[in-house]
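What follows is calculated from the coordinates using simple rules that are stated; it is not laboratory data. Not measured: the values here are computed from a predicted model. Every residue, glycine as well, gets a Cβ built from its backbone with ideal geometry; the counts of neighbours run over all protein chains shown.
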Amino acid sequence: MRIALYVTCLVDLMRPSVAFAALRLLEATGNDVVVPPAQTCCGQPAWSSGNRPLAATLAQKAIAELEGYDAVVVPSGSCAEQIVKVYPQLFTDDPVWGPRARALAGRTHELTAFLAEVAGLEAVPGEFAGSVTYHDSCKGLRGLGIKAQPRALLARVKGLSLQEMGECEECCGFGGAFAENYADISARIVDRKCDSIAAAGADAVVGGDLGCLLNIEGRLRRRGDEKTRVLHVAEVLAGEVKA
Amino acid sequence: MSAREEILARVRAGVGKPDAAGRRALAETWMRARSPGPQPVLAGDLLARFCEKAVSLASSVERLADYEQVPAHVAAWLAAQELPLSAVTTLDVAGLDWAAAGLACRSGPAVDADATGISGCFCAVAETGTLMLLSGTATPASVSLLPETHIALVPASRIVGTMEEAFALLRSERGQLPRAVNFISGPSRTGDIEQTIVLGAHGPCRVHLIVIGETA
Amino acid sequence: MKAGHSQAMFFQSRAAEKVRNPVLQKALQKAKPLFSGKRAKSMAALPDDGLEFEQLRDACAGIRDRALTDLDVWLEIFEDNARARGAEVLWARDGDEICKLVIDVAQRHGVRKVTKSKSMLSEEAQLNEALAAAGIEPVETDLGEYIIQLAGEAPSHIIAPAVHKSLEEVEALFAKTHGRPQEERTSADIPALTREARGVLRQHFLSADMGISGANFLIAESGTAALVTNEGNGRMVTTLPKLHVVITGIEKVVPTLEDFATLMRLLPRSATGQTISNYVSLLTGTRSEEEVEGPTKTVFILVDNGRASLVGSAYQEMLRCIRCGACMNHCPVYFSLGGHAYGWVYPGPMGSVLTPLYTGIENALDLPHASTGCRQCSSVCPVRIPLPDLMHGLREIQHERGLRPWGERLGLRAWAWLATRPALYRALTRLAARYLNWLADGSGRIRIFGFAPGWTAARDLPVAGNRTFFEQYAARKRD
């Protein structure tokens, strides 16, 4: 199977280790892994702002460069949802792009769902001496049903114990442009999330979407919490975690 | 154009379908078919279910073998609650020998001063532990509403499974809805001050159910 | 209808004020787990009776859709059956017409005092103000509505209108209105305060000439108004006065009693986590000649106020709404602000859809955007309204009409231009990574960032290094 890794623009710029971790995990499944070189942004910011034509332009670009693979894997529930759920909506009645968008949607997977359900990855390379608490990001959870998969994989990480936080399915307040445009509200929401994380008392908070993680980490640090680590699930599973 | 005509014209434009008469005939047919939604599967017997649910809604429940025992039980229960031995009753239960048990009962609509109201019920719904009362000349709705204490007599044979079954009974016995059907499930309550639940908002603070006899 | 009394255009400034109000935040913090916890518990118990939430909400959505796809027919059936039982059926295009019809009925019958059971339509119409101006005293009788009427405020939640009020505020209002000295109160005194209101409102119930209620549903087959309450005020208002006026939206009609029974399996569970509300009343026609109580005259006012224009539109699903409040009870934005920031009658996700649709898209530009897209609302909606998708549709309309700010439009266009030129994109992201790293100055974070002032007002921006993934990946491949 030839797998394309869709890095996502946020990971490319803000946290490259997530993509390297994803690469390592995908290679551990014994498949060919390719990073399509021209990939940029899936177009979600345009879609969220209501700019359908621009979202469609970026979707066409992504479809063209991703459709030649057996599977496309995304280390983000949010960007995966954009491809899986939104791309087909963008081209519902389009005789050319509609079928292409639907075909790509059917072959695109969020990383943990791919590892747990498609590749059936048994052993994970990562080790983690400590406790983690898992934040369920909204788009992955309610858009794609990502809930059990990351937990099942984390359970196989040597040394790791899972300490669930209260209201782990509650939104962190990120929401893309929302965090900037409605900063007051976003800050109030992420504060509640930080309270839940603090109450769980784990060594690290882990999640599957970098946007949420940057939001949570940024607020934890601003509140003076320098101790709780904020990690992407791929980093923990792959052992791409600096001590 | 009248408001009615204008609004209906807008709705028709939105509905976007011709043949209103044909669609009305279909609607009438559909109504007569009475298609129920998903129905609950109620484990155990209805009587036990009704009692359990009623208690969970903060009603108290007593089971008696027959109507003869009712007045004495009511007198004892009121005394135990330190409530006055008087009540207003609906006409359908006025025939019991309340006086013999030392109770001063008057029948008819309730007034503000009435401390206790005693009513029967049309039937009861086991699924939710709910009473179904019908308004009428003999059954003024105020009896179950104005007094702080409401006592209801529930024949075990009149406990049905669901609200749908209650409606079926109503249709077969009465044909049409009375002015008011009141489903009552425990004492009135509010949570409007800091989400703290308080029993006895505007309606009764106490609901005591007396289930009579056995299921048929 | 246009903007009317909507304040939705001031959403941003109101939100800024609300997130900084400690009394409000404390109240919301207390209510949040109660609302969601009670609902979750009641839904979790459904399988004990062989029922499933997903199956029930399919059925409930189906019932609402059946009514809406032939709404003209069901309204006429309702009207015929209501009239056959002696009720009068009137129609109102908007809030002003509601006020006119109610005042007209009241004046014809010499009404001086009106007791009201909660009606959101009366809020749409600002009926209390209109009644008072006509010399008729309106008394809200739902405890929460009574509290906010005393405070001169609007409801901040559709089923818990005074959720934003603290015990101390209620005590102060009661002391002032009921003419007694103010006392120190603890939560142990809440029953006493409730009792105090009961005593005051009981006298109003007994002396009112007219009762006004909403209706949770109109049942077409029997011409019936269904009223679901816990306090018993709905029963008082519809039993004691000689005159009963029901004000309700045209979308509230359902075909049969069986349909109503199905909806009742989800409405109380979704709203308060109850398996059933304390009082479910089905009100049909007027009292018979032999009856000694109940209204001698019942008037239905069926209201459009924007609803008819949604029938057959891309927003018809919004008309399924049964006003349970579950969407706001599970909304992270609602629980950061309370309801007043939304600026009109309906807060939370349903308000973010209804307010622009009913008061003008250009008058509520923030509401469809003030959402994280978390989809918690649609996952709990008992009639499967795709609220986030409807909000998204409104965002698209804003874009099409050129209502988005120029900075956002320009920024997105520049971003898309760049993202479709991979070589240039790689070069610029490499620069950006270096720039961010320079700003972080070895600390791993940026504390003040001019390009995202909102973000860094409350958070740091974590920075991982000075090279992008693609830069590092290319270097690794070369090695």
message = Quick check: pseudo-label points 7 Å beyond the Cα along Cα→Cβ at residue A:1 and residue A:67, how many nm apart are they?
response = 2.1 nm
query = In degrees between 0 and 90, to the nearest 10, how far off the longest principal axis of chain C does helix C:387-400 point, with axes built from Cα atoms?
reply = 70 degrees
task = Express in whole angstrom the spacing between the alpha-carbon centres of segment C:343-379 and segment C:171-189.
result = 36 Å
remark   = The residues C:279, C:425, sorted from fewest to most surrounding Cβ atoms within 10 Å, come out as C:425, C:279
query = Taking the alpha-carbon centroid of each part, what is the distance from segment C:241-262 to segment C:17-95 in angstrom?
reply = 12 Å
14 Å Cα-Cα reach of residue C:252 towards aspartates and glutamates, excluding residues that sit fewer than 8 places from it in its own chain = C:65, C:70, C:72, C:76, C:79, C:221, C:304, C:317
request  = Return the lysines within reach of residue C:176: Cα separation strictly under 28 angstrom, same-chain partners fewer than 8 residues apart disregarded; answer none if there are no such residues.
outcome  = C:18, C:26, C:30, C:113, C:116, C:118, C:165
inquiry  = At R0 = 56 Å, how high is the FRET efficiency between residue B:169 and residue C:424 if r is their beta carbon distance? Nearest 0.05 is fine.
reply    = 0.15
query = Can you give the calculated 222 nm mean residue ellipticity of the protein assembly as shown, where each DSSP H run of n ≥ 4 adds -39,500 (n - 2.57) and the sum is split over every residue, rounded to the nearest 500 deg cm²/dmol?
reply = -13000 deg cm²/dmol
task = Mind putting a number on the dipole of segment A:121-193 about its Cα centre? Charges go on the C-beta only, +1 for Lys and Arg and -1 for Asp and Glu, and I need it in Debye to the nearest 20.
result = 180 debye
request  = Please give the FRET efficiency for residue B:138 paired with residue A:117, using the beta carbon to beta carbon distance and R0 = 56 Å, rounded to the nearest 0.05.
outcome  = 0.30
query = Helix A:52-66 versus the longest principal axis of chain A: what angle, 0 to 90°, nearest 10, using Cα atoms?
reply = 90 degrees
query = Which of C:60, C:300, C:432 sits farthest toward the positive end of the charge dipole of chain C, with +1 on the Cβ of Lys and Arg and -1 on the Cβ of Asp and Glu?
reply = C:432
request  = Could you tally up the Lys pairs in segment A:100-243 with alpha carbons closer than 24 Å? Skip any pair fewer than 8 positions apart unless they're on separate chains.
outcome  = 8
request  = Mind giving me the nanometre distance, one decimal, between the label points for residue C:401 and residue C:313, set 7 Å out from Cα along Cα→Cβ?
outcome  = 1.0 nm
request  = Apply 1/(1 + (r/R0)^6) to the Cβ-Cβ distance of residue B:26 and residue C:96, taking R0 = 30 Å, and write down the FRET efficiency to the nearest 0.05.
outcome  = 0.25
message = Taking the alpha-carbon distance from residue B:53 and a cut-off under 20 Å, which lysines remain once sequence neighbours fewer than 8 residues away in the same chain are dropped?
response = C:38, C:41
request  = Kindly point out, ordered by number, any Cys in chain C whose beta-carbon has no other cysteine beta-carbon under 4.7 Å away.
outcome  = C:60, C:99, C:321, C:324, C:331, C:381
ask   = Which residues in segment A:139-157 place their backbone N less than 16 Å from a point set 7 Å from the Cα of residue C:40 along the Cα-to-Cβ direction?
value = A:141-142, A:147-148
request  = Extending each Cα 7 Å along its Cβ direction at residue C:438 and residue C:361, get the distance between those two points in nm, one decimal.
outcome  = 4.3 nm
message = Let's see if you can work this out: charge +1 on each Lys and Arg Cβ, -1 on each Asp and Glu Cβ, no other charges. What is the dipole magnitude of the protein assembly as shown about its Cα centre, in debye to the nearest 20?
response = 2740 debye
Euclidean distance between Cα centres, segment A:12-56 to segment B:58-113, Å = 74 Å
note = The relative contact order of chain C, taking Cα pairs under 8 Å that sit 6 or more residues apart, comes to a percentage of 21 percent
ask   = Hey, if you put +1 on the Cβ of every Lys and Arg and -1 on every Asp and Glu Cβ in the protein assembly as shown, which of A:216, C:346, A:34 ends up farthest toward the positive end of that dipole?
value = A:34
task = Tell me the GluC sites (Glu not before Pro) within segment C:109-179 that lie in a loop according to DSSP and have at most 14 other beta-carbon atoms within 10 Å.
result = C:153
ask   = Tilt of helix C:71-84 relative to the longest C-alpha principal axis of chain C, in degrees (0 to 90, nearest 10)?
value = 20 degrees
inquiry  = Using the Cα centre of chain A as origin and beta-carbon charges of +1 (Lys, Arg) and -1 (Asp, Glu), tell me which of A:172, A:149, A:113 is placed farthest towards the positive end of the dipole.
reply    = A:172
remark   = Residues other than residue A:208 with Cβ under 9 Å of its Cβ, Lys/Arg counted +1 and Asp/Glu -1, net out at -3
key: Calculated from backbone phi, Karplus (6.51, -1.76, 1.60) coupling profile of segment C:239-245 in Hz, x at Gly/Pro   = 10, 7, x, 6, 10, 10, 10
Unit charges on C-beta of K, R, D, E only; dipole of chain A, Debye = 160 debye
